[in-house]
Amino acid sequence: EAQVTQNPRYLITVTGKKLTVTCSQNMNHEYMSWYRQDPGLGLRQIYYSMNVEVTDKGDVPEGYKVSRKEKRNFPLILESPSPNQTSLYFCASSWVFGTSGRKQFFGPGTRLTVL
Amino acid sequence: DAKTTQPNSMESNEEEPVHLPCNHSTISGTDYIHWYRQLPSQGPEYVIHGLTSNVNNRMASLAIAEDRKSSTLILHRATLRDAAVYYCILPGGYQKVTFGIGTKLQVIP
């Protein structure tokens, strides 16, 4: 089954404790992206990657890191989490080229709470 | 990056058609227009996309203005399961994607 998986689905942590949220897709998509969703602010893009070893900042990259060493994986790293990073996070992937026009497939979401 | 403008919320009666508008006046010639929806407690899911011509699929129809500066997502018979936030985006090119806050559709029984 074609899918985007995220782990963990729920995470409660404390300020300053490094964490990684994993994202994996099995559709051989070139494009992968991370979004955060907060009440009243909608979906905002954090980072995106057009292919392996190619990443770029979205609208809200501060406090986050990403890496794209393999095509299927795109982990989101919070080196020193702070309470303002409490949010619902979504990973997404898509093809870059072709008539699909970058139809994105989204993961189920990771709800992060930073105390 | 090209942006879209949508109403914050809309209401529809059950079993009536719904027309969700989107303005994208800065669209480029190669930008596809995509619509997604997000049901409560779920991730966004793809609904439909188009470039120039109107498009139909099992979920909805997409009507694109001739100048491509606006589009309308049409749900032919709204059901309670269609209550969601609907996003209109332009994900084309080597650029970041802006979703915004979308249109919250309320379906009244």
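Observations
- Residues in the range A:90-101 include at least one that is surrounded by 19 or more Cβ atoms within 10 Å (Cβ to Cβ), at positive phi and either within 14 Å of chain B (Cβ to nearest Cβ) or in a loop (DSSP other than H, G, I, E, B) (or both).
- Being open to solvent by 10 Å² or more (accessible area, probe 1.4 Å), of a type in the set (D, E, K, R), more than 24 Å from A:Gly109 (Cβ to Cβ) and modelled with pLDDT of 90 or more holds for only one residue in B:Arg77, B:Arg81, B:Arg37, and it is B:Arg77.
- Pairing residues of the range B:27-45 that are facing chain A (nearest Cβ under 7 Å) with residues that are open to solvent by 20 Å² or more (accessible area, probe 1.4 Å) and in a loop (DSSP other than H, G, I, E, B), at Cβ distances under 6 Å and at least 6 apart in sequence or on separate chains, gives B:Tyr32/B:Leu51; B:Gly43/A:Pro108.
- Residues that are more than 13 Å from B:Tyr36 (Cα to Cα) and not small (Gly, Ala, Ser), drawn from the range B:52-74: B:Thr52, B:Asn54, B:Val55, B:Asn56, B:Asn57, B:Arg58, B:Ile64, B:Glu66, B:Asp67, B:Arg68, B:Lys69
- Residues within the range A:20-71 that are without any contact (Cβ under 8 Å) to a residue 24 or more places away in the chain, among the basic types (Lys, Arg) and more than 16 Å from B:Thr98 (Cβ to Cβ), tallied: 2
- Some residue of the range B:47-55 being under 28 Å from A:Arg9 (Cα atoms), touching a Pro at 6+ places or on another chain (Cβ under 7 Å) and within 13 Å of chain A (Cβ to nearest Cβ): no
- One residue stands out in the range A:12-47 among those that are farther than 23 Å from A:Pro83 by Cα and of a type in the set (Ser, Thr, Tyr): the one that is nearest to the chain's Cα centre (by Cα), namely A:Ser24.
- Per the conditions (1) out of contact with any Ser or Thr (no Cβ under 9 Å at 6 or more places or on another chain); (2) modelled with pLDDT of 95 or more; (3) within 25 Å of B:Trp35 (Cα to Cα); (4) open to solvent by 50 Å² or more (accessible area, probe 1.4 Å), the sole criterion not satisfied by A:Glu1 is (2).
- Taken together, the residues in the range B:61-78 that are small (Gly, Ala, Ser) and within 14 Å of another protein chain (Cβ to nearest Cβ) amount to 1.
- Looking only at the range B:1-24, and only at residues there that are touching a strand residue (DSSP E or B) at 6+ places or on another chain (Cβ under 8 Å) and not in a strand (DSSP E or B), the one that is least open to solvent (accessible area, probe 1.4 Å): B:His24
- Residue within the range B:16-23 that is of a type in the set (Asp, Glu), more than 9 Å from chain A (Cβ to nearest Cβ) and either without any contact (Cβ under 8 Å) to a residue 60 or more places away in the chain or on the phi > 0 side of the Ramachandran plot (or both) present: no
- Single residue of the range A:40-59 satisfying the filter (at the interface with chain B (Cβ under 10 Å from one of its Cβ atoms) and not in a strand (DSSP E or B)) that is least open to solvent (accessible area, probe 1.4 Å): A:Gly58
The values are calculated or read from the model by the stated rules, or taken from the named source; none is laboratory data. What you are looking at is a predicted structure, and each value in this text was computed from that prediction instead of being measured. Positions of Cβ are generated from backbone atoms using ideal geometry, with glycine treated the same way; all protein chains shown enter the neighbour counts. Calculation scope for accessible area: heavy atoms of the full protein, side chains included, ligands and nucleic acids excluded. Shrake-Rupley method; radii C 1.70, N 1.55, O 1.52, S 1.80 Å.
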